[in-house]
Amino acid sequence: MSTTLPPPGPGHAPWTTDPYANALRNGRGPLFLRRPDGWLLPLDVERWCADADAADLSALHRCEGPVIDIGCGPGRLVAALTARGHRALGIDVSDAAVDHTQRLGGSALRRSVFDPLPAEGRWGTALLIDGNIGIGGDPGALLRRVAVLLAPSGLLVAEATPQDVDERVQVRLDDGRGAAATAPHFRWARVGAPALLRYARSCDWQPVDEWEADGRLFLALRHARTLRSPNLAGRRSRDLSPRCDAPASHHR
């Protein structure tokens, strides 16, 4: 299985800069991702810094075995999983995010998902929540990497953008106070459910569940090697395969 990583370039350092760290320390924004054309994507810092909500819990209830939260941010999901008795680890490239997670009582490491990680090949569940399917700007490369992290029976729970979008862009952090003028660009992706299913199928992932909670859209996937096991094939809640043929990309 290929685990080719995104090409070298800016991609991790922006999340260590003051606008993001300050937003996490203060528990609030404003904070945006800004495209070169000026379009802004608001980042929901207040929700990230609050306790896990009902939509989050709908994803966490599906977790199996030890869980790795990729791009854990301030750690609400790791903390909620730990409180429920899961072995859980958050990884994030931001010191502020790792510190916040640890203050909540969760375990976290300052790592990129593309760095060597503990227990590779043995995680029961991987989380890509809060738009983190966009990490690195290459959903296919990210999905291939996650397949390496998970145990053979492992589950990926990913959150898709509610809109039907498939967008790979260069963005930079913007705190609404002029930081965008000097912040470095980095690669990011926005992926709706049809596009995520298309990327997943190309990497031998198969959907096993899809649901909406509080306006947020989630998918659970297993790698094809798992679904070939007779004792797991019957656990699919419904067949989502017809949705894999996604329409052409849409850009906002």
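At a glance:
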{"item": "Per residue accessible area of the stretch 86-192, 1.4 Å probe, in Å²", "result": "34"}
{"item": "Accessible area in the full protein assembly, largest first, 1.4 Å probe, for 153, 58", "result": "153, 58"}
{"item": "Heavy-atom SASA rank of 201, 84, 111, 190 (probe 1.4 Å, accessible area, largest first)", "result": "84, 201, 111, 190"}
{"item": "Stretchable slack from residue 148 to residue 47, in nm (0.36 nm times residue separation minus alpha-carbon distance)", "result": "33.4 nm"}
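The values are calculated or read from the model by the stated rules, or taken from the named source; none is laboratory data. Keep in mind the model is a prediction, meaning the values are calculated, not measured. Ligands, DNA and RNA are excluded from the accessible area calculation, which covers all protein heavy atoms including side chains. Shrake-Rupley method; radii C 1.70, N 1.55, O 1.52, S 1.80 Å.
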